[in-house]
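First up is the structure itself, then whatever we jot down about it.
The values are calculated or read from the model by the stated rules, or taken from the named source; none is laboratory data. Keep in mind that what you see is a predicted model, and the values were worked out from it rather than measured. We place every Cβ from the backbone using ideal geometry, glycine too, and count neighbours over all the protein chains shown.
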Amino acid sequence: MFFSSKPNVSSPGYVVMKTVDVAVVGSGVGALTAAALAAKAGMSVLVLEANYLPGGCCSSYWRKGYVFETGATTLVGFDPGQPLALVRDALGLDLPLVKLDLPMTVYLDGLKIPRIQNPDEWTETAVRVFGPQQRGFWKTALKLSDFVWRVSGKNLRFPPANFADFVRLPFNNRPSDLPYLRYAFVSTRKVMQKFGVDDEKFLRFVNEQLLISAQSVADDTPFLFAAPALCYTNYSNYYLKGGMIGLAAALIAKIGEFGGEVRLRAPVKKISGEFVVEIEKSEAVRAKNVVSGIPLWNLPGVVDGPLKAYFQRQADKLRQYWGALSWGIAVKDTLGDDLHHQIILPKDRSLPHARSRSLFVSLSMRGDKFRAPEGTRVLAVSTHAENPVSWFNDPDYERKKAEATEAMYRVLEESLPGFERSSVWYELSSTPKTWADWTFRHEGSVGGLPQTLKRPIFSWHGAVTPHPRFFLCGDTVYPGQGAPGVTLSGIIAACRLLKRNPLL
Ligand SMILES: Cc1cc2nc3c(=O)[nH]c(=O)nc-3n(C[C@H](O)[C@H](O)[C@H](O)COP(=O)(O)OP(=O)(O)OC[C@H]3O[C@@H](n4cnc5c(N)ncnc54)[C@H](O)[C@@H]3O)c2cc1C
């Protein structure tokens with residue numbers, strides 16, 4: 001029995017099972033981070049997850065003896081001061097991480113471009129591939145990226161929600177940091193022009209690299225966001241042995257250790273009053289606080305009362321979002337050692353029903369027997385889908401999916417070293433419709449919000465809402481997507497909930 005206290009009938013329609021200090025909606029990495037930090041601080045915590053597995057877009061699932069990743073495959077954020085390192089150290093997380101020698105390989109016009117972690121070696125590689133002007137561009141990008149990582153981990157009350165938060169900003173930051181902020185208003189393309197690196201080949205490279213990180217392209221992405229996105233591979237990149245679900249599992253273990261509970265197959269149907277959290281099967285809990293880790297778009301469908309209209313207005317502002325086409329493939333191991341590959345298509349090619357011109361391919365590590373039996377590997381392949389909503393109720397759904405799959409295999413056969421379609425043993429494909437079934441996210445929109453000039457940094461929704469005891473985290477609030485981004489959002493939500501730095 002999940003609930004320990006005796007149920008009492010409180011109103012028609014549901015039975016209130018118990019009262020907790022904080023109910024956490026969803027078990028994405030953002031929500032679990034907030035939950036674990038709150039539990040560590042002594043709060044009674046209950047996490048409610050709709051799916052049968054935790055972790056949402058950063059998770060794994062089992063089929064036919066293989067472990068496939070749902071979404072995230074690359075992992076950064078464990079360098080000193082970065083969000084995952086801060087949480088790992090604060091909670092004492094035990095994670096089977098393996099540091100990668102080469103974070104990523106990019107394939108462009110017949111070139112194989114190693115995205116080497118060492119900044120100097122990477123800059124020299126960029127010079128060799130794209131020309132001598134690259135030095136100035138990467139020097140600025142790397143400096144700005146370090147700045148973004150440094151300040152984001154220190155500003156746990158960002159975006160400011162009140163006068164006191166504004167007053168605090170100069171104390172957390174150095175006056176010498178101010179000049180960097182101008183890059184929040186300058187497009188990446190403009191910076192490329194300034195450094196004389198705005199040629200067609202480098203622009204295609206930058207656009208596809210930005211799409212998998214900032215979810216936007218050079219013309220639209222402020223350089224302040226583009227710098228950490230482009231320099232993603234210049235930090236320590238890790239492989240999590242056994243699958244990305246290990247991150248959620250480690251956080252859940254800590255929640256349990258600190259006396260909290262995580263309940264799976266427990267979709268939150270309605271949050272009303274202050275607060276009754278209704279779960280399927282006519283159960284409910286009373287919560288003094290709520291932390292939501294589900295996207296802003298989902299909240300109007302769950303929250304009742306005045307907050308509902310507020311969340312609807314916020315969700316309406318987020319009109320631009322992506323869906324994903326993704327595949328999990330089990331193959332005979334004829335592949336190399338490098339794990340992450342971005343294959344950029346030739347200029348005149350596109351992928352049917354996709355909106356980016358590249359495929360991102362991640363391999364399970366050779367020897368990770370938990371994920372694939374010896375002699376086999378698992379591939380995760382993904383790209384941005386065309387208009388996510390167009391995949392729902394479409395009579396041509398199966399045909400579109402098959403066309404995208406065929407095109408994906410052609411690209412792998414042409415470009416991924418060692419890949420042979422004949423060695424594929426098992427395959428699963430996902431569209432925005434599948435993503436909606438897995439994560440319940442509105443229209444299957446995943447991957448985070450595009451970081452564009454149209455959404456300046458101060459306009460991002462933060463953890464604070466009009467209700468002083470209702471908080472937000474996850475990839476539709478500041479600082480946005482990716483495991484490190486949502487981890488930081490969870491730290492910030494815990495900071496607001498506890499009214500103190502949760503890492504101390
Ligand atoms: C294809 C793809 C590739 C990616 N690659 C990377 C990568 O390589 N590296 C990286 O760092 N990031 C990557 N990302 C992004 C990253 O995975 C996400 O940004 C991040 O995991 C989102 O976390 P979240 O906290 O917002 O929660 P989510 O992952 O969105 O989880 C939300 C959870 O809430 C649950 N839920 C929804 N509604 C309810 C409800 N009513 N009641 C209870 N539970 C509910 C869902 O079931 C889900 O488990 C990728 C994403 C995708 C889609």
> Which number in (1) closer than 20 Å to ALA31 by Cβ; (2) out of contact with any helix residue (DSSP H, G or I) (no Cβ under 7 Å at 6 or more places or on another chain); (3) of a type in the set (Ser, Thr, Tyr) marks the one condition that SER292 misses?
Replying inline: (2)
>> For the list (1) touching a Ser or Thr at 6+ places or on another chain (Cβ under 6 Å); (2) buried (at least 21 other Cβ atoms within 10 Å of the Cβ), I need the number of the one condition that TRP122 fails.
In response: (1)
>> Conditions first: (1) in contact with a Leu (Cβ under 8 Å, 6 or more places away or on another chain); (2) within 14 Å of the ligand (Cβ to nearest atom); (3) farther than 22 Å from PHE392 by Cβ. LYS281 passes all but one, so which condition is the exception?
In response: (1)
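Given the residues GLY273, GLY301, which is the only one that is surrounded by fewer than 18 Cβ atoms within 10 Å (Cβ to Cβ), modelled with pLDDT under 95 and either of a type outside the set (Phe, Trp, Tyr) or within 10 Å of the ligand (Cβ to nearest atom) (or both)? Break it down stepwise before answering.
On the way: GLY301 fails: modelled with pLDDT under 95.
So the residue among GLY273, GLY301 that is surrounded by fewer than 18 Cβ atoms within 10 Å (Cβ to Cβ), modelled with pLDDT under 95 and either of a type outside the set (Phe, Trp, Tyr) or within 10 Å of the ligand (Cβ to nearest atom) (or both) is GLY273.
Do we have SER145 as assigned to a helix (DSSP H, G or I) and either closer than 22 Å to GLY485 by Cβ or under 26 Å from the mean Cα position of the chain (by Cα) (or both) here? Walk me through it before giving the result.
Numbers: assigned to a helix (DSSP H, G or I): yes; either closer than 22 Å to GLY485 by Cβ or under 26 Å from the mean Cα position of the chain (by Cα) (or both): yes.
Against the criterion (assigned to a helix (DSSP H, G or I) and either closer than 22 Å to GLY485 by Cβ or under 26 Å from the mean Cα position of the chain (by Cα) (or both)), SER145 qualifies.
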>> Please go through segment 317-334 and give me each residue that is in contact with a helix residue (DSSP H, G or I) (Cβ under 9 Å, 6 or more places away or on another chain) and either at pLDDT 95 or above or not hydrophobic (A, V, I, L, M, F, W, C) (or both), ordered by number.
In response: LYS317, TYR321, GLY323, ALA324, LEU325, SER326, TRP327, ILE329, VAL331, LYS332, ASP333, THR334
>> Of all residues being over 22 Å from ALA436 (Cα atoms), in the same structural domain as VAL268 (by TED's automatic domain parsing) and surrounded by fewer than 19 Cβ atoms within 10 Å (Cβ to Cβ) in segment 305-338, which is nearest to the chain's Cα centre (by Cα)? Just the residue, please.
In response: TYR310
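Quick check on ALA404: is it touching a residue at least 24 places away in the same chain (Cβ under 8 Å) and touching a Lys or Arg at 6+ places or on another chain (Cβ under 7 Å)? Step through it out loud before you land on a result.
Values: touching a residue at least 24 places away in the same chain (Cβ under 8 Å): yes; touching a Lys or Arg at 6+ places or on another chain (Cβ under 7 Å): no.
Taking the combined requirement at face value, the residue does not satisfy it.
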>> Here are the criteria: (1) part of a loop (DSSP other than H, G, I, E, B); (2) in contact (Cβ under 8 Å) with a residue 40 or more places away in the chain. Tell me which single one TYR107 does not satisfy.
In response: (1)
> Can you tell me which residue in segment 339-352 is farthest from the chain's Cα centre (by Cα), limited to those that are in a loop (DSSP other than H, G, I, E, B) and within 15 Å of the ligand (Cβ to nearest atom)?
Replying inline: LEU351
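Against the definition (away from the ligand (no atom under 16 Å from the Cβ), buried (at least 21 other Cβ atoms within 10 Å of the Cβ) and not assigned by TED's automatic domain parsing to the domain that holds SER430), how does LEU91 come out, yes or no? Reasoning before the result, please.
Numbers: away from the ligand (no atom under 16 Å from the Cβ): yes; buried (at least 21 other Cβ atoms within 10 Å of the Cβ): yes; not assigned by TED's automatic domain parsing to the domain that holds SER430: yes.
When the stated conditions are applied, LEU91 passes them.
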>> GLY246 - would you say it is more than 10 Å from the ligand (Cβ to nearest atom) and surrounded by fewer than 19 Cβ atoms within 10 Å (Cβ to Cβ)?
In response: no
> How about segment 161-214: which helices (runs of 4 or more DSSP H) wholly inside it have at least 1 residues that are under 25 Å from ALA354 (Cβ atoms)?
Replying inline: 188-194, 200-211
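Can you name the residue in segment 426-444 that is in a loop (DSSP other than H, G, I, E, B) and within 9 Å of the ligand (Cβ to nearest atom) and is also nearest to the chain's Cα centre (by Cα) among such residues?
As a first pass, look at segment 426-444 and keep what is in a loop (DSSP other than H, G, I, E, B): 431, 440-441.
Checking which are within 9 Å of the ligand (Cβ to nearest atom) leaves us with 440-441.
Details: PHE440: 15, ARG441: 13 Å.
So, considering only residues that are in a loop (DSSP other than H, G, I, E, B) and within 9 Å of the ligand (Cβ to nearest atom), the one nearest to the chain's Cα centre (by Cα) is ARG441.
For the condition assigned by TED's automatic domain parsing to the domain that holds TYR478, within 16 Å of the ligand (Cβ to nearest atom), outside any helix (DSSP H, G or I) and crowded, with 19+ Cβ neighbours inside 10 Å, what is the one hit in VAL291, VAL381, VAL361? Spell out how you get there, then give the answer.
On the way: VAL381 fails: assigned by TED's automatic domain parsing to the domain that holds TYR478; VAL361 fails: assigned by TED's automatic domain parsing to the domain that holds TYR478.
Every option except VAL291 fails the conditions.
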>> I'd like the full set of residues that are within 16 Å of the ligand (Cβ to nearest atom), farther than 20 Å from CYS57 by Cα and out of contact with any helix residue (DSSP H, G or I) (no Cβ under 6 Å at 6 or more places or on another chain), limited to segment 466-486.
In response: PHE470
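Quick one: which of LEU84, LEU97, LEU46 is out of contact with any helix residue (DSSP H, G or I) (no Cβ under 8 Å at 6 or more places or on another chain), within 14 Å of the ligand (Cβ to nearest atom) and closer than 23 Å to GLN481 by Cβ?
Values: LEU84 fails: out of contact with any helix residue (DSSP H, G or I) (no Cβ under 8 Å at 6 or more places or on another chain); LEU46 fails: closer than 23 Å to GLN481 by Cβ.
After ruling out the rest, the residue left standing is LEU97.
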>> Against the definition (at pLDDT 95 or above and either among the β-branched types (Val, Ile, Thr) or not assigned by TED's automatic domain parsing to the domain that holds VAL197 (or both)), how does VAL45 come out, yes or no?
In response: yes
>> Just to be sure I understand the filter: pairs with C-beta atoms under 7 Å, separated by 6 or more residues or on different chains, first member in segment 490-504 and surrounded by fewer than 18 Cβ atoms within 10 Å (Cβ to Cβ) and aliphatic (A, V, I, L, M), second member modelled with pLDDT of 95 or more and in a helix (DSSP H, G or I). Which pairs pass?
In response: LEU503/LEU86; LEU503/ALA90; LEU503/ILE491
